[in-house]
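Inspection log for the structure reproduced underneath, given as structure tokens.
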Amino acid sequence: MIETLGTYINMHWISVALTVLYFGTIIATIVVILSENRSPVKSLAWVTVLLLLPVLGLVLYIVFGRNITNTRMISRRNRRKLRRQESYRKVNLKKTGLDNSSLQQIQLAKNLSGAIFYPNNKVKVYINGQDKFKDLLRDLDNARTYINIQYYIFHNDTIGKQVSDALVRAAKRGVTVRMIYDHVGSFRTSDSFFRKLKKEGVAAYPFFKVVFPPFGTRINWRNHRKICVIDGAIGYIGGMNVADRYIDGGKQFKKWRDTHLRITGPAVGGLQYSFAVDWNFMGQPLIEDSVTIEERPGGVGLQLLTSGPTSQWTNLEFLFTKAIANAKKRVYIQTPYFLPTEGLLRALQTAALSGVDVRVMVPNKSDSLMLDHATRSYFVECLKAGIKLYLYDGGMLHAKMVLVDEELVSIGSTNFDFRSFEHNFEANMQIYSSEVNQQMDEVFRQDLRESRRVRLNEWKKRPITQKAAASIIRLLSPIL
């Protein structure tokens, strides 16, 4: 009897101790969140999750909530070495003929990340996967010295095998082939696929490999960039990954609408620099390949801006905010997911209310039902301010483009959402060209023919279940 009572008392105190320890951990985590001085919206979202779902909330925070801002991706010494390989020439921006808004954008990007403005480039725009991969495969087969290729998703399907076969052929003829794939983005692809590539001479490595439990916290920081550099002379960047659905829409969509770029000229040096930093960050040797600087007189001015969770600033959010604030005539946005930060939402509303033609195009149905609901939770606020919203019915709209006035276009991997601005490693090419701006304006208007405009009165009449789903998921949008 006495032994039983003693056991009960011991179990009681153990239970009390564990309870105190657990809630102490929750409180300590909340203190850490508040001390990081993040945006109030995001901090409140995490505190709410921790208070309402203590056990699940703590696990979610450990996996998704940590902050790695100001983590150095590469040493200053190695940065200087990489820049010296470019041998770029400094440009007198006042003599470029660009308008004052563009000059401010260029200065902002430079101050945010050291982004270099490269004049006199040639740009080819792709709006479908068929054309993009046809040219990419040809360029891979023509490579003579090196290939640096980086994608968020790399699938072992038809196009994945075609690209991997091209990389193997290049390696066998003596070309140095380096490959970065995102470990989470490529979860569906077996490790044997990448092991075979390595066996055939391709240096293929995952970015932030997630191995549970010690590296479970890495799952939130994904490398979303899509970059390829061939012989330092040709570069690719945009929104398309390596998977069949980026060509044919897959089983879910009748068509996949995306945007990608092929670049020749000095801006290829910017793509090479971005890849080399990521490669070095992964613990690989510093890349010492040269970059061919071949300017195209009268060509296009380009500036690559990268961002990620290690950056001091949310670089691309800053850039878009400034561009929207500078807009005098129009702001056109295409994005698969529209979850703007508070600052970007206010910038768009302010622009629309001041008479700027602000248009946002999203897919009528994306590849994420949850993000569809989250996107729609912002519609009423936008419509009331005069922002024109369009639902693309032609298939999956995966294009990521911001077009402002008649000179600036931004194309790359960045979605217009919290994840891209704060958690992903992203890369967008800023294009300063009236010709490319006009070309993308025509593409946007072409997509309008396959879209339907959202009207405020009609939108308010949608089913109450849809309104409720959007409102609930909206609470989690800062941490989705």
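The values are calculated or read from the model by the stated rules, or taken from the named source; none is laboratory data. Small disclaimer: the values here were computed from a predicted structure and weren't measured. We place every Cβ from the backbone using ideal geometry, glycine too, and count neighbours over all the protein chains shown. Quick note on the areas: whole protein, heavy atoms, side chains included, nothing else; ligands and nucleic acids left out. Shrake-Rupley method; radii C 1.70, N 1.55, O 1.52, S 1.80 Å.
Output ³J(HN,Hα) for region 422-433: one whole-Hz value per residue in order, computed from phi by the Karplus curve 6.51 cos²θ - 1.76 cosθ + 1.60 with θ = phi - 60°, and x for Gly and Pro.
These are the phi-based 3J(HN,Hα) values: 10, 10, 8, 7, 10, 8, 10, 8, 8, 10, 10, 6 Hz.
Do you know the relative contact order of region 346-419, to the nearest whole percent, from alpha carbon pairs under 8 angstrom that are 6+ apart?
Reported relative contact order: 32 percent.
For region 281-336, with only Lys/Arg (+1) and Asp/Glu (-1) charged at the beta-carbon, what is the dipole magnitude about the Cα centre, in debye rounded to 20?
With only Lys, Arg, Asp and Glu charged at Cβ, the dipole is about 600 debye.
For the cross-link pairs LYS322/LYS384; LYS95/LYS400; LYS322/LYS365; LYS90/LYS322; LYS329/LYS400; LYS94/LYS328, which exceed 26 Å when the distance is taken from alpha carbon to alpha carbon?
Exceeds cut-off: LYS95/LYS400; LYS322/LYS365.
Roughly speaking, to the nearest percent, how much of region 324-400's 1.4 Å accessible area is carbon and sulfur?
Carbon with sulfur: 55 percent of the solvent-accessible area.
Just how far, in whole angstrom, is region 142-183 from region 341-380 if you go by their alpha carbon centroids?
The distance from the Cα centre of region 341-380 to that of region 142-183 comes to 36 Å.
Quick one: how many Å² of CYS228 are accessible to a 1.4 Å probe, rounded to 10?
Its heavy atoms expose roughly 0 Å² to the probe.
Applying the Karplus parametrisation 6.51 cos²θ - 1.76 cosθ + 1.60 with θ = phi - 60° to the phi angles of region 284-291, what ³J(HN,Hα) value in whole Hz is obtained for each residue in order, glycine and proline being reported as x?
Rounded to whole hertz, the list is 8, x, 5, 6, 10, 5, 7, 10.
Student exercise: in region 154-291, how many lysine pairs 8 or more apart or on different chains have Cα atoms under 28 Å apart?
Total qualifying Lys-Lys pairs in region 154-291 comes to 25.
Would you work out which of TYR392, VAL454, HIS423 lies farthest towards the positive end of the dipole of region 357-480, given +1 charges on the beta-carbon of Lys and Arg and -1 on that of Asp and Glu, about the Cα centre?
In region 357-480, that residue is VAL454.
Relative contact order for region 66-203 using alpha-carbon pairs under 8 Å, separation at least 6, rounded to a whole percent?
19
Indicate the gyration tensor shape class of region 323-466 (rounded, prolate or oblate), computed on the Cα atoms with a ≥ b ≥ c the square roots of the eigenvalues: a/c under 1.5 is rounded; otherwise a/b larger than b/c is prolate and the rest oblate.
rounded
With every protein chain present, what is the per residue accessible area of region 73-217 (1.4 Å probe, Å²)?
Roughly 51 Å² per residue, with all protein chains present.
Per residue, how large is the accessible surface of region 328-451? Use a 1.4 angstrom probe and give square angstrom.
Accessible area per residue: 29 Å².
Restricting to Cα pairs below 8 Å that are 6+ residues apart, what does the relative contact order work out to for region 385-460? Please round to a whole percent.
40
Any idea which of GLN252, GLY270, ASN280 is furthest toward the positive side of the dipole for region 239-281, if Lys and Arg beta-carbons carry +1 and Asp and Glu beta-carbons -1?
Result: GLN252.
Counting only protein heavy atoms and using a 1.4 Å probe, what share of the accessible area of region 143-206 belongs to carbon plus sulfur, as a whole percent?
Its accessible area is 47 percent carbon and sulfur atoms.
Hey, what do the phi angles of region 451-456 turn into as Karplus ³J(HN,Hα) couplings, whole Hz, using 6.51/-1.76/1.60 and θ = phi - 60°, x for Gly and Pro?
Once θ is set to phi - 60°, the couplings for region 451-456 become 10, 10, 7, 8, 9, 4 Hz.
For region 219-275, with every protein chain kept in place, what is the accessible area per residue (1.4 Å probe, Å²)?
Counting only protein heavy atoms, the per-residue value for region 219-275 is 21 Å².
Under unit Cβ charges (Lys, Arg +1; Asp, Glu -1), what dipole magnitude, rounded to 20 debye, does region 92-174 have relative to its Cα centre?
With only Lys, Arg, Asp and Glu charged at Cβ, the dipole is about 320 debye.
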